[in-house]
Amino acid sequence: MYVFACLDSRQSLHISKQILEWSQRLTFNSSLILRHLTRLLFLASVPYLAKKTLHLYIQVVGKAWEASKEGVGEDKDEDSKWVETLVFGARMLCASVGTPTGIVSNTSGSTGSSQYVPTDDDGIDEILEAASILEKARTRLDEKDKRLVAQVLLAEGIVWGLVGIKGKLACLCFL
């Protein structure tokens, strides 16, 4: 970590992203690496790659969880980490929809630039995708963990709020 102290925040973010991408290739899509890479790519204002990494995380960890139920494989993520990551992913998808211009600002607090994210159909596809991701999160949600339940309910509130703002209530009838 001493090396990062000499660099500004943008350079250290770029180096961290490169290290995580490199380690992701070497660890055959480790759930830990994918989880951190998703957050880092979003904070680095690269939401397109963050979304792709989130989908890869859902696919890899979902299959590992199914295999572990059958007694095969041990590389599954903890349920709490699964729920936290999917809640983050749903909120990430809603971030570009919630802005009137489709611009995702740099939420990392650094002086990095914002990035335009084109939204098709007023962002309703992203909202529906976020709702679908939250359904997956609920499959492994421990109802006794009040913190996680609150996070899921908050994310669902964001999704429903965006649906109300966009005026597309009929689209959620297909869920």
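Can you give the local net charge around R35? Use residues other than it whose beta-carbon is closer than 12 angstrom to its beta-carbon, Lys and Arg +1, Asp and Glu -1.
-1
Need the full-extension length gain, K166 to K144, defined as separation in residues times 0.36 nm minus the C-alpha distance. One decimal, nm.
4.6 nm is the gain from fully extending K166 to K144.
Figure the gain on full extension for S16 and L32 (residue separation times 0.36 nm, minus the Cα-Cα span) and round it to one decimal in nm.
Result: 4.3 nm gained on full extension.
Take the cross-link list K81/K166; K17/K52; K17/K146; K69/K136 and give me the ones stretching past 24 Å between alpha-carbons. Mind showing how you got there, number by number?
Numbers: K81/K166 31 Å; K17/K52 15 Å; K17/K146 32 Å; K69/K136 16 Å.
As for pairs spanning more than 24 Å Cα to Cα, those are K81/K166; K17/K146.
All of the numbers you see were taken from the coordinates with simple rules; none came from a lab. Small disclaimer: the values here were computed from a predicted structure and weren't measured. Positions of Cβ are generated from backbone atoms using ideal geometry, with glycine treated the same way; all protein chains shown enter the neighbour counts.
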